[in-house]
Number of protein chains: 2
Amino acid sequence: MILSVTLNTALDLTYRVPRFHVHDSHQVREVVQRPGGKGLNVARVLAALGHASVVTGFAGGLTGSELRELLAGERNITDELVPTAGSTRRTVGVVDESGGSSTQFNEPGPHISPDEWSAFQERYARLLGNGRVEAVALCGSLPPGVPVGAYAQLTREAHAAGVPVVLDTSGEPLRRGLAARPDLVKPNAVELAGITGTTEPLRAARAAQRRGAHSVAASLGPEGMLLVTPDGTWQAGPPRSLAGNPTGAGDSAVAGLLSGMVEGLPWPERLARAVALSAATVRAPTAGEFDEQVHADLLSQVTVEESSEAAPG
Amino acid sequence: MILSVTLNTALDLTYRVPRFHVHDSHQVREVVQRPGGKGLNVARVLAALGHASVVTGFAGGLTGSELRELLAGERNITDELVPTAGSTRRTVGVVDESGGSSTQFNEPGPHISPDEWSAFQERYARLLGNGRVEAVALCGSLPPGVPVGAYAQLTREAHAAGVPVVLDTSGEPLRRGLAARPDLVKPNAVELAGITGTTEPLRAARAAQRRGAHSVAASLGPEGMLLVTPDGTWQAGPPRSLAGNPTGAGDSAVAGLLSGMVEGLPWPERLARAVALSAATVRAPTAGEFDEQVHADLLSQVTVEESSEAAPG
């Protein structure tokens with residue numbers, strides 16, 4: 001099973017409106033509610049791929065109750081969230097049915113107390129210690145109160161238990177996390193530039209490797225993904241440009257890479273799966289879901305190219 | 001006490017964002033939650049004016065629990081909401097701190113079953129029968145499942161109990177409600193044009209009177225308010241144009257008119273209070289609240305003019 005950590009979970013609301021006008025009033029036609037936060041999206045995609053997940057992190061307040069109620073209805077996902085006194089944040093994604101990408105509002109997360117952080121650490125250690133965790137995914141932003149070096153610490157503990165780690169975060173939590181040598185990080189080009197100071201993806205990915213990551217999967221938006229590993233460098237893109245809602249596409253890519261890791265697939269196949277899942281998510285009507293048929297069709301069409309370029313000295 | 005009816009209650013969320021960009025992602029700086037729906041806003045303003053209210057209507061689901069929890073913390077408001085199996089809707093108002101008016105998203109309300117509607121009618125009859133209701137406010141849209149003639153029926157029952165009615169709604173529920181001869185309706189110019197077919201406020205207000213309303217208070221946005229009664233016609237405006245958030249300004253006007261009614265104030269004083277409260281609400285940082293000092297200052301500056309124009313034959 002895969003252990004997916006989301007310290008800043010969210011109750012994700014998707015609103016469909018016929019036409020979006022700024023500074024106007026909108027009657028929402030349809031509301032979809034989902035347990036959210038990157039790690040929960042990853043777990044949902046893993047479940048659809050046939051991998052059982054255990055999710056942990058924090059949930060609190062009535063929004064947290066709502067999230068856990070929705071989570072209880074999902075197959076292949078075990079809820080090991082830790083209670084927090086504050087209320088789980090909401091996110092609101094507004095989909096404009098007349099076209100265009102969605103508009104997103106993310107509430108700030110609740111403050112995590114030192115006792116709550118200790119309770120989480122105990123839960124994490126217990127889950128890692130059960131001997132059944134094949135990989136750990138550490139996903140998303142850190143809520144206020146959680147130490148900025150949290151992901152570095154959680155990475156070291158997983159490695160001490162012999163479990164590989166995929167880290168998907170940004171900014172200082174990513175920078176600190178790299179030092180603990182995660183097996184794979186999945187920043188987008190902007191996040192990668194933010195921590196390495198270079199906007200050229202290949203150079204930036206190599207810089208992230210030098211800072212500690214064994215492998216780097218850099219998502220390049222509609223261009224696909226660049227994968228830099230100790231065994232080689234590959235790039236893959238979807239067969240065509242796909243219009244839709246990009247929310248959750250990065251989380252689907254993480255699920256593709258993770259599932260390929262625990263299945264022992266060769267790197268190019270992991271990359272193709274990540275790119276196809278990501279594109280299938282963009283095409284799905286609801287943020288963070290994907291269409292299995294679109295995924296299957298795309299998987300056969302993704303082209304993976306190996307780069308022969310030597311790593312710069 | 002005043003009985004305030006909100007059949008389509010809402011959990012109102014106000015999000016403050018530094019700058020609003022359509023089709024972009026926003027980190028919300030601050031979230032404010034309030035029990036909402038027009039009648040609950042009216043009750044909150046009445047409470048601030050020293051009038052106790054009883055609020056009824058429907059609440060359900062975890063959002064309904066959240067609404068009732070917040071309501072329990074408000075002084076001078078008694079919760080007589082009736083449970084519904086569906087979840088109370090949310091509204092999200094996004095305030096752009098860089099300027100401009102707010103952007104509003106209103107979820108659809110839950111479906112009300114025939115049994116729930118019967119339970120509401122019983123509650124309403126019981127509250128009206130307690131002999132302490134000085135006025136009834138019927139406010140806002142009707143959720144699906146409630147008969148479109150609901151406000152006409154509730155108006156007749158209040159009148160049978162000797163209690164005056166203020167009706168604040170729009171469209172077909174307003175059109176049907178007029179036939180039951182409410183004591184006062186408070187449409188805005190657009191709503192008034194919608195049911196009377198004329199955009200000139202005085203002509204439209206007189207048309208609404210002919211359709212059944214004893215008196216009509218037509219809100220004219222920043223221009224103030226036109227009040228057409230059997231005793232005369234008055235117009236009043238704020239002393240100056242006020243920038244801010246107009247959400248809830250109409251509900252404050254209803255509270256001003258209602259409080260003036262139960263206090264037995266002359267019409268011009270009721271109108272001045274409605275205009276000052278409405279303007280003070282526009283100036284308040286959170287939708288549906290008002291600044292008492294701004295209200296007191298404005299009240300002394302509102303000019304009320306009586307119109308000598310005879311009613312057209």
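Which of the residues spanning segment A:83-131 are under 30 Å from A:Thr281 (Cα atoms), of a type in the set (Gly, Ala, Ser) and at pLDDT 95 or above?
A:Ser87
Restricting attention to segment B:288-307, report how many residues are part of a helix (DSSP H, G or I), of a type outside the set (Gly, Ala, Ser) and open to solvent by 50 Å² or more (accessible area, probe 1.4 Å).
Count: 4.
Six or more apart or on different chains, Cβ atoms under 7 Å: show the pairs whose first residue is in segment A:73-93 and within 16 Å of A:Val42 (Cα to Cα) and whose second is open to solvent by 40 Å² or more (accessible area, probe 1.4 Å) and among the hydrophobic types (A, V, I, L, M, F, W, C).
A:Asn76/A:Ala52; A:Asp79/A:Ala72
State yes or no: is B:Arg132 open to solvent by 50 Å² or more (accessible area, probe 1.4 Å), charged (D, E, K, R) and touching a residue at least 40 places away in the same chain (Cβ under 8 Å)?
yes
Please specify each residue of segment B:61-85 satisfying the condition of being within 14 Å of chain A (Cβ to nearest Cβ) and crowded, with 21+ Cβ neighbours inside 10 Å.
Result: B:Thr63, B:Gly64, B:Glu66, B:Leu67.
Taking the options A:Arg29, A:Arg34, name whichever one is of a type in the set (Lys, Arg) and over 30 Å from A:Asp115 (Cα atoms).
A:Arg29
Just give me the residues in segment B:11-48 being within 11 Å of chain A (Cβ to nearest Cβ), assigned to a strand (DSSP E or B) and open to solvent by less than 20 Å² (accessible area, probe 1.4 Å), in sequence order.
Passing the criteria: B:Leu11, B:Leu13, B:Tyr15, B:Val17, B:His26.
For segment A:201-234, how many residues meet the condition of being over 21 Å from A:Pro182 (Cβ atoms) and open to solvent by 20 Å² or more (accessible area, probe 1.4 Å)?
Residues that pass the stated criteria total 3.
In segment B:237-255, how many are within 15 Å of the chain's Cα centre (by Cα) and over 13 Å from B:Leu227 (Cα atoms)?
Total meeting the criteria: 8.
On the given criteria, is B:Gln104 within 14 Å of chain A (Cβ to nearest Cβ) and either open to solvent by 10 Å² or more (accessible area, probe 1.4 Å) or not small (Gly, Ala, Ser) (or both)?
Here the answer is yes, as B:Gln104 does meet what is asked.
Please specify each residue of segment B:142-171 satisfying the condition of being open to solvent by 40 Å² or more (accessible area, probe 1.4 Å) and either among the hydrophobic types (A, V, I, L, M, F, W, C) or within 18 Å of B:Ala217 (Cα to Cα) (or both).
Residues satisfying the conditions are B:Val148, B:Ala160, B:Ala161, B:Ser170.
Out of everything in segment A:49-60 that is aliphatic (A, V, I, L, M), away from chain B (no Cβ under 14 Å) and part of a strand (DSSP E or B), what residue ends up being nearest to A:Cys139 (Cα to Cα)?
Result: A:Val55.
The values are calculated or read from the model by the stated rules, or taken from the named source; none is laboratory data. A quick note: this is a predicted structure, and the numbers were derived from the prediction, not measured. Using ideal geometry, Cβ is built from the backbone for each residue, glycine included, and neighbour counts are taken over all protein chains shown. We work out accessible area using only protein heavy atoms, side chains counted, and drop any ligands, DNA or RNA first. Shrake-Rupley method; radii C 1.70, N 1.55, O 1.52, S 1.80 Å.
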